[in-house]
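What follows is a short report on a single structure.
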Amino acid sequence: MRDISDALCGVSIDLPENGTGDTLSSTLLQFQILSLQGAGFDTTSRTIMFIILYLITFPDVQERAQKEIDHELGSSRNISGNDQAKLPYVMATVLEVLRKTAIVPFAIPHLTLHDAKLRGYDIDKDTVVFFNLHSVAHKESYWGCPENFRPKRLLDDSGNLLEKCSHLAFGAGRRQCPGETIAKMKIFIVIATLLQRCSFQKADGSDLDFDPTRGLVLSFKVIVKRNL
């Protein structure tokens, strides 16, 4: 037993292979575990790729983030999730990439349980509804020039991270992504550690493309230099 996933797999052995209605089955439980792992790994890894891409394209952002890390933590101490409050600009950079890219443009579909009315629109029962996360992240009246990459937009006048952040990359409400907290922490630790120890540059002869192909598959070459 290494973690919760192992425990759930162990429990599934005693469950019926297939269930009906609200009955939990081993097949359903294992499917949900695989879904959680797949959703957490793929989205997180692609977000990290995009952050590196933006750091290369905007070297001033990369430099400012590295200076913040050097000033607050130094170059030798291991970074933990508790350091997020000490590195507001690094965290703002992560959140701005999440907003700008919106790698999951639509939240998972929902179904109305009864007839509803939303801002004058009638929504019938059993209507499939999609939450347009990309639209929220690029609403010009709220963000002001949403196409510009600007981590400072998420900081107040004192340089602290704004508590209100309405890009909703992980959805909202009771059905929002349950992995939001751990995903943000994991991405922060990886990016902050990389910036603490490395610098990124575009490789000669390679083109950086911000337009993802279907499936959000993106490849690019970079030069990684170890910071002395």
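Just so you know, all these numbers are worked out from the coordinates, no wet-lab data involved. What you see is a predicted model, and the numbers here were worked out from it, not measured in a lab. A quick note on method: Cβ atoms are made from the backbone with ideal geometry, for glycine too, and the neighbour counts reach across all protein chains shown.
See the values below:
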| quantity | calculated |
| --- | --- |
| Helix-only mean residue ellipticity at 222 nm for the chain, each DSSP H run of n ≥ 4 adding -39500 (n - 2.57), per residue, nearest 500 | -13500 deg cm²/dmol |
| Spread of Cα-to-Cα distances over 10 Å intervals beginning at zero, given as percent, for region 69-181 | 12, 34, 30, 16, 6, 2 |
| 5 angstrom amide H check on residue 223, placed H, neighbours 5+ away | 201, 202, 203 |
| At R0 = 30 Å, FRET efficiency that the Cβ-Cβ distance of residue 201 and residue 152 yields, to 0.05 | 0.85 |
| Relative packing of peptides 94-100, 113-119, 176-182 - highest average C-beta neighbours within 10 Å first | 94-100, 176-182, 113-119 |
| For the chain, built as a Gaussian network whose Cα springs stay under 10 Å, the top-fluctuating residue of 131, 149, 31 | 31 |
| Between helix 26-57 and the chain: long-axis angle, C-alpha atoms, 0 to 90°, nearest 10 | 20 degrees |
| Angle in degrees between helix 180-197 and the longest Cα principal axis of the chain, rounded to the nearest 10 | 20 degrees |
| Charge-dipole axis of the chain as Lys and Arg at +1 and Asp and Glu at -1 on Cβ define it, positive-most pick from 34, 112, 91 | 91 |
| Hz values of 3J(HN,Hα) by residue in region 79-92 - Karplus curve (6.51, -1.76, 1.60), Gly and Pro given as x | 8, 10, x, 5, 8, 4, 5, 7, 10, x, 5, 4, 5, 5 |
| Cross-link pairs 186/221; 152/186; 139/221; 100/221 - those with Cα-Cα distance over 28 Å | 139/221 |
| Relative intensity, log₁₀ I(q)/I(0), of region 4-226 from a Debye sum that treats every alpha carbon as a point, q = 0.09, 0.10, 0.14 Å⁻¹ | -0.48, -0.58, -1.00 |
